[in-house]
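Q: The structure follows.
The values are calculated or read from the model by the stated rules, or taken from the named source; none is laboratory data. Remember, it's a predicted structure, so these values are computed and weren't measured experimentally. Here the Cβ is made from the backbone with ideal geometry for all residues, glycine too, and neighbour counts use every protein chain on show. In case anyone asks, the SASA skips ligands and DNA or RNA and just uses the protein heavy atoms, side chains included. Shrake-Rupley method; radii C 1.70, N 1.55, O 1.52, S 1.80 Å.
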Amino acid sequence: MKFARSVWKILVAIKDGLVLLLLLLFFGGLYAVLALRPTPGAVQPGALYLALEGPVVEERARIRPSQLLSGSGPMKSVQERDVVRAVEAAANDERIKAVVLDLDSFGGGSQVAMTRIGAAMDKVRAAKKPVLVRAGLYTDDSVQIAAHASEAWVDPLGGAMVAGPGGTQLYFKALLDRLKIKAHVFKVGTYKSAVEPFLRENASPEAKEATAAVYAALWETWQADVKKARPKADIALVTGDPVKWIAASGGDAAKAAVAAGLVDRVGDKIAFGKRVAEIVGKEPADGEGAFKGTTLETYLADTTPPTEGKAIAVVTVAGDIVDGDAGPGTAGGDRIAELVDKAAASGDYAALVVRVDSPGGSVTGAERIRAAIARIKAKKIPVAVSMAGLAASGGYWVATPGDRVFAEPATITGSIGIFAVIPSFEEALGRIGVGTDGVRTTALSGQPDVFGGFSPTAEAVIQQQIDSGYARFVGLVAEARHKSPAQIDRIAQGRIWDGGTARQLGLVDEFGGIDAALAWAAKAAGAKTWHAVYLGASEDSLSAFLDQLAESESTAARGAAPDFAALGAQQQGALAQQLAGDLTRLLGGAGAQVYCLECAGLAPAAGPAVPPAGISWLALLGRLAG
């Protein structure tokens, strides 16, 4: 009995200790949130300091507490509109003497995003203020940003490399054959290459033709932007014979970058800081190379967006489109549809702008979003669609209700096609001595049967549903673009297009970014003064606190080694993410998909691949879109 009382006392003490620890963590976290959150009025005269950690994205993913504990959360990222708003505001802010961009941990971004940030930097320079950029290693995206700087610095151990668009896709047919796994592919579209990794050991000539045309257009647009902003940049030298180019500088890649006009000066972080301090003033309390300045978060808190005039709602469709409430950073169909429906019911908004940056995904998720946009349009509310870097396949599906569609020359769109991939394992099971048998009452009993194999009837029914989904997709586009289904079918077939070609084909109305779309929507609504309201953009204290705690190891690694060898680790990460996405499409039970595989490599990822909401194989036939 005495022993039992002792054990009980120990258990009570442990319980009290845990309660005390939880209380300390709660109040410590509350204090941290209040202390870390930027407060208006804290802007220090000097530089606007932008440390772009991770990729620049259209919509930043939020971390959940469970992700923070497991270490599986999204990598750190920066929203494009936050960077642009801050840089543009700095142009006319007397407190800001210079804009400084630190690209040491930069994770890249879409070409459209880089162009927009570069245009904002041009406004600062037009206001007679310097823009200084520094990086350890410049690649295509950071070279494009640096082209718009008045001074671009590179680390003595770093350099610059311009690769141009292109890369490697993984193909699994030989592996699936070896493992005796049969991939049942159902598709419509000659160019719908999302299924080719499961059918072929290499890309088809049609897929290469379409991708090469888009890459050529993007490459031309990129070079034009860089040459216009930095005429002395010798792109032909850098890309024509990289070995000879670097050898001419004795193998010193940093000096070679200066010789080619990609950057202006070589110096480490301290030397760069001293140069900035010459312009904006030194911050002696922070040590060598410190300068007076304000961070992005603090500056944004101080420079709140305007609220005058009518409100124009902006809903963002960013990332893979999935079923359910996923996001932000992933386009959960239910979540986005609810945002649009609430905006329509509120009566607070004069117009709607749909900002799309997605390669597509689930048919049902895309249809949920499209239907919600159609409902708000039916209430005589003008709807403009603003395509960012990607608006392909399901990303184009959600754009069909728009009254006016805006895109950039470097936008990737089209990919009007549909597919489904379902594996079966009858041969693999037989190989290890597992047989299958059963009793069926109809031709569809137990189908699709991933263990015993598909019946011809099941395969025919699924293909009919895919055909019906494609016809619906083409019909939606034809109605939206005022063309016949036959006309759309000729430019559909799953083929991707660059923004310029898409405009010529009638898939896009005019060139322009989010600002052009907002201006059109305001004019259509009869609003002389207006302001934009981003739906679902508000962030609670817990999210802000978790964001402060979350640090991505992959982001930190990017700034750790400013040399070309470090790019190998990034390539490994990209291939691993591609592998995860491909396996999700094969094994995830996602049903019919409107997804652009070749688009996925043309935009940065804000985190690990997010599998679509799974559905059982037995329920697949009931969930295919038609």
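Q: Given the protein chains as shown and a 1.4 Å probe, how many square angstrom of residue 370 are accessible, to the nearest 10?
A: 30 Å²
Q: With each pseudo-label sitting 7 Å past Cα toward Cβ, what's the residue 127-residue 378 distance in nm, one decimal?
A: Reported label-point gap for residue 127 and residue 378 is 4.6 nm.
Q: What figure in square angstrom, to the nearest 10, would you give for the accessible area of residue 425 with a 1.4 Å probe?
A: 50 Å²
Q: Kindly rank 223-229, 242-248, 506-512 from highest to lowest mean number of other beta carbons found within 10 Å of each residue. Write down the numbers at each step before the final one.
A: On the way: 223-229: 17.0, 242-248: 14.6, 506-512: 18.9.
By packing density, highest mean first, the sequence is 506-512, 223-229, 242-248.
Q: When the accessible area of the range 242-352 is split by element with a 1.4 Å probe, what percent falls to carbon and sulfur? Numbers along the way, then the final one.
A: Working: 2500 of 4830 Å².
Summing carbon and sulfur atoms, their accessible area is 52 percent of the total for the range 242-352.
Q: Next up: Considering only the other residues whose Cβ falls under 11 Å of the Cβ of residue 353, what net charge follows from Lys and Arg at +1 and Asp and Glu at -1? Don't skip to the answer; put the middle values down first.
A: Values: positive: 355, 404; negative: 403, 515.
Neighbour charge sum, excluding residue 353 itself: 0.
Q: Given a 1.4 angstrom probe, I'd like the percentage of the accessible area of the range 411-496 that is carbon and sulfur, rounded to a whole number. Show your work: numbers first, answer last.
A: Numbers: 2100 of 3960 Å².
Exposed carbon and sulfur together represent 53 percent of the surface.
Q: Another question about this same structure. Compute the label zone of residue 436 within the range 393-423: residues whose backbone N is under 20 Å from the point 7 Å along Cα-to-Cβ.
A: Residues 420-423 fall inside that zone.
Q: Leaving out ligands and nucleic acids, and using a 1.4 Å probe, what accessible area per residue does the range 252-407 come to in Å²? It would help to have the intermediate numbers written out before the result.
A: Numbers: 5300 Å² over 156 residues.
Solvent-accessible surface per residue comes out at 34 Å².
Q: Output the direction-averaged projected area (hull surface divided by four) of the convex hull of the alpha-carbon atoms of the range 136-251, in nm². All intermediate terms of the calculation are to be shown ahead of the outcome.
A: Numbers: hull surface 41.8 nm².
Its average projected convex-hull area is 10.4 nm².
Q: Sticking with this structure for a sec: State the extension gain, in nm to one decimal, for the chain segment bounded by residue 278 and residue 457, taking 0.36 nm per residue of separation less the distance between their alpha-carbons. Numbers along the way, then the final one.
A: Details: separation 179, 0.36 × 179 = 64.44 nm, distance 7.60 nm.
Working it through step by step, the gained length comes to 56.8 nm.
Q: Compare 115, 304 by solvent-accessible area with a 1.4 Å probe and give them largest first, with all protein chains kept in place. It would help to have the intermediate numbers written out before the result.
A: Working: 115 55, 304 105 Å².
Greatest to least solvent exposure: 304, 115.
Q: Which FRET efficiency value, to the nearest 0.05, is calculated for residue 42 and residue 202 with the Förster distance at 56 angstrom and r the Cβ-Cβ distance?
A: Values: r = 56 Å, r/R0 = 1.00.
After rounding to 0.05, the efficiency reads 0.50.
Q: Looking at 160, 211, 229, which one has the Cα that reaches farthest to the positive end of the dipole of the range 159-288 (charges on Cβ: Lys, Arg +1; Asp, Glu -1)?
A: Final value for the positive-end residue is 211.
Q: If you don't mind, another one. Mind pulling the per residue volume of the convex hull built on the Cα atoms of the range 222-265? Å³ is fine.
A: On the way: hull volume 2.6 nm³, N = 44.
Spread over its residues, the Cα hull of the range 222-265 gives 59 Å³ apiece.
Q: Oh, and also: Counting only other residues whose beta carbon sits under 13 Å from that of residue 258, what net charge do I get with K and R as +1, D and E as -1?
A: Numbers: positive: 230, 232, 255, 265; negative: 151, 155, 234, 252, 264.
Around residue 258, the surrounding residues sum to -1.
Q: Something else: Stretch residue 443-residue 269 to full length: gain in nm at 0.36 nm per residue minus the Cα-Cα span? Each step should come with its number before you reach the end.
A: Numbers: separation 174, 0.36 × 174 = 62.64 nm, distance 6.98 nm.
Full extension of this stretch gives 55.7 nm more.
Q: With r as the distance between the Cβ atoms of residue 285 and residue 213 and R0 = 41 Å, compute the FRET efficiency 1/(1 + (r/R0)^6) and round to 0.05. Intermediate results must be reported in sequence, preceding the final value.
A: Working: r = 55 Å, r/R0 = 1.35.
After rounding to 0.05, the efficiency reads 0.15.
Q: Can you list which of the GluC sites (Glu not before Pro) found in the range 266-347 are DSSP loop residues with at most 12 other C-beta atoms within 10 Å? Don't jump to the answer; show the numbers that get you there.
A: Working: sites: 278, 288, 297, 308, 338; in loops: 288, 308.
Passing sites in the range 266-347 are 288, 308.
Q: Expressed in nm to one decimal, what extension gain is obtained for the pair residue 516 and residue 308 from 0.36 nm per residue of sequence separation less their Cα-Cα distance?
A: Working: separation 208, 0.36 × 208 = 74.88 nm, distance 1.85 nm.
Full extension of this stretch gives 73.0 nm more.
Q: Mind grabbing the accessible area of residue 368 for me, 1.4 Å probe, Å², rounded to tens?
A: Rounded to the nearest 10, the figure is 100 Å².
Q: Roughly how many Å is it from the Cα centre of the range 176-220 to that of the range 118-136, as a whole number?
A: The two parts, judged by their Cα centres, are 41 Å apart.
Q: Just add up the charged neighbours of residue 494: K/R +1, D/E -1, any other residue whose Cβ is under 13 Å from the Cβ of residue 494. Don't skip to the end; give the middle numbers.
A: Values: positive: 187, 192, 490, 495; negative: 196, 206, 209, 489, 598.
Local net charge: -1.
Q: How big, in percent, is the set of alpha carbon pairs in the range 192-239 lying more than 14 Å apart? Display every interim value, and only then the final one.
A: Values: 717 of 1128 pairs.
In whole percent, the long-distance tail amounts to 64.
Q: How do 398-404, 313-319, 122-128 rank on mean C-beta neighbours within 10 Å, highest first? Mind dumping the intermediate values first?
A: Values: 398-404: 23.3, 313-319: 27.0, 122-128: 14.7.
Ranked by mean Cβ neighbours within 10 Å, highest first: 313-319, 398-404, 122-128.
Q: Here's another thing I want to ask about it. For residue 428 and residue 51, what is the calculated FRET efficiency with R₀ set at 56 Å and r taken between the beta-carbons, to the nearest 0.05?
A: Values: r = 49 Å, r/R0 = 0.88.
Result of the calculation: an efficiency of 0.70.
Q: Relative to the Cα centre, what is the charge dipole magnitude of the range 413-507, using +1 at the beta carbon of each Lys and Arg, -1 at the beta carbon of each Asp and Glu, and rounding to the nearest 20 debye? Write out the running numbers ahead of the final one.
A: Details: 8 positive and 9 negative charges, 107 e Å.
Roughly 520 debye for the range 413-507.
Q: Let me ask something additional. Please work out the average accessible area per residue across the range 429-476, using the 1.4 Å probe convention, and give it in Å².
A: Working: 2680 Å² over 48 residues.
On a per-residue basis, 56 Å².
Q: I'd like the carbon and sulfur percentage of the solvent accessible area for the range 157-237, probe radius 1.4 Å, heavy atoms only, ligands and nucleic acids excluded.
A: Details: 2290 of 4070 Å².
Carbon and sulfur atoms account for 56 percent of the accessible area of the range 157-237.
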